[in-house]
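Down below is the structure, laid out as structure tokens.
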Ligand SMILES: [Zn+2]
């Protein structure tokens, strides 16, 4: 009765009853429609205009950010206006000479009159050539008071350091300017910096106080003696830098003189700046032949020999042919080391050898390394015995990761296991060796100073 079908008995009393119920229910639904208008909250503090002005006058905000705070007062009779602000009796300033700058120009920029500037330049030039004053040199200038506001301030004094060991000062005495030179005592004891390698050799050395250029030279020097992979965080870096300590506290670092790495107090690498081109040399380099011990070739990889030299059935080609080297079993990615010191002669794809490196050791001796997954040297590079030249792989004609290693004598492949070659030694100059040892001793006697300029 309350819910009749509105499609039937249209116009009957029951139909109208049903229709009014429907309309009523729709109206009820619309009445409960939620309001989505934002809620309004009452302001935290309500201010009228007068309170707002007072409020702003007491708030703090800088004038530069457009503050309108504060009260402004009109001046009263107590205020006496001055015609001009009084001058400071003297002005002290610091000026720097720039690139392509001149001393008189720099002085005039600082406010020195042209007469004084020319006079100062002439006085300085009588002691030090003006062109010797390096750009960036700082000048301490004091200017005095003037009688007339349109005149430049007179120069009272100027002091600077044209050279590391010389200070010049010019001051007004009586009527004129007088120049005084003062030599600065210089101590040239080199600076020695030592510390643990830690996670970053560069950062540790910088943190220990080594100048950046010295650290870069150090890394370059060490790189030629010791692969970086072999330096442990617990090793100690040791470097000596030429250094000038001035008596007035200034310091100036120069070239790196010595680069060393220590493990448990024992030197692992010791290099000196040696030779006219400033290159670094170790005692072993100087005495000739890098390795002065047995003269045997080092093993090219950590692994055992799985296939010897000679005729054998090739595992892939399936027929008997000459195996011109020996095979070492080693897992993929193991480092491959140079058998001995030499120059990289060939790098790249080499037929069945895949990625291949050949080293020339001089005297007609060469070694070859095949099937590498990755090559770590470039043609022409000098490598040391034990230096990583690449990584084990399975490129070329290979059934699995291994190292194919060859030794050539006069261009002919020979059995690497038969090689017991004594390394050729260069002529040794005993005077050079003695000089090297003396210099090393002298530098290693320098007491390590932790922070630049801190030790005197
Ligand atoms: Zn092989």
Report summary line: residue 406 meets each of (1) crowded, with 21+ Cβ neighbours inside 10 Å; (2) at pLDDT below 90; (3) closer than 28 Å to residue 284 by Cβ; (4) within 16 Å of the ligand (Cβ to nearest atom) with one exception, condition (2)
Query raised in the report: How many residues does the stretch 143-168 hold that are in a strand (DSSP E or B), over 20 Å from residue 247 (Cβ atoms) and touching a helix residue (DSSP H, G or I) at 6+ places or on another chain (Cβ under 8 Å)?
Result: 2
Query raised in the report: So which residues in the stretch 409-431 are away from the ligand (no atom under 12 Å from the Cβ) and either modelled with pLDDT of 85 or more or surrounded by 14 or more Cβ atoms within 10 Å (Cβ to Cβ) (or both)?
Result: 409, 410, 411, 412, 414, 415, 419, 421, 423
Report task. Can you work out which of the residues in the stretch 300-342 that are surrounded by fewer than 16 Cβ atoms within 10 Å (Cβ to Cβ), free of Cβ contacts under 8 Å to residues at least 60 places away in the same chain and within 47 Å of the chain's Cα centre (by Cα) is farthest from residue 384 (Cα to Cα)? Result -> 304
Requested in this report: Of the conditions (1) crowded, with 17+ Cβ neighbours inside 10 Å; (2) part of a strand (DSSP E or B), residue 210 clears all except one; give me its number.
Outcome: (2)
Query raised in the report: For residues in the stretch 126-142 being free of Cβ contacts under 8 Å to residues at least 40 places away in the same chain and not in a helix (DSSP H, G or I), which is farthest from residue 179 (Cα to Cα)?
Result: 135
Requested in this report: Please find, within the stretch 315-350, the residue that is farthest from residue 225 (Cα to Cα) out of those that are within 15 Å of the ligand (Cβ to nearest atom) and touching a helix residue (DSSP H, G or I) at 6+ places or on another chain (Cβ under 9 Å).
Outcome: 317
Report task. With respect to residue 201, determine if the residue is modelled with pLDDT of 90 or more and under 19 Å from the mean Cα position of the chain (by Cα). Result -> no
**Report entry** Hey, residue 275 touching a strand residue (DSSP E or B) at 6+ places or on another chain (Cβ under 8 Å), at pLDDT below 80 and within 16 Å of the ligand (Cβ to nearest atom) or not
**Finding:** no
Query raised in the report: Restricting attention to the stretch 226-233, does a residue exist that is at pLDDT 85 or above, away from the ligand (no atom under 15 Å from the Cβ) and assigned to a loop (DSSP other than H, G, I, E, B)?
Result: yes
Requested in this report: Scan the stretch 169-194 residue by residue and report those that are surrounded by 12 or more Cβ atoms within 10 Å (Cβ to Cβ) and not in a strand (DSSP E or B).
Outcome: 184, 189, 190
Query - Tally of residues being out of contact with any strand residue (DSSP E or B) (no Cβ under 8 Å at 6 or more places or on another chain) and surrounded by 14 or more Cβ atoms within 10 Å (Cβ to Cβ) across the stretch 195-207 - result: 3
Report task. Among the residues of the stretch 351-376, write down those that are away from the ligand (no atom under 14 Å from the Cβ), surrounded by fewer than 15 Cβ atoms within 10 Å (Cβ to Cβ) and at pLDDT below 90. Result -> 362, 363, 364
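Given the structure, is residue 84 in contact (Cβ under 8 Å) with a residue 40 or more places away in the chain and in the same structural domain as residue 144 (by TED's automatic domain parsing)?
No, not satisfied.
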Report summary line: Residue pairs qualifying under the 7 Å Cβ cut-off, at least six apart or on distinct chains, with the first in the stretch 103-125 being more than 19 Å from residue 92 (Cα to Cα) and the second being in a helix (DSSP H, G or I), are 118/104; 121/103; 121/104; 121/130; 124/103; 124/130
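The values are calculated or read from the model by the stated rules, or taken from the named source; none is laboratory data. These numbers come from a predicted model, not from an experiment. Neighbour counts are summed over all protein chains in view; Cβ atoms, including those assigned to glycine, are modelled from backbone coordinates with ideal geometry.
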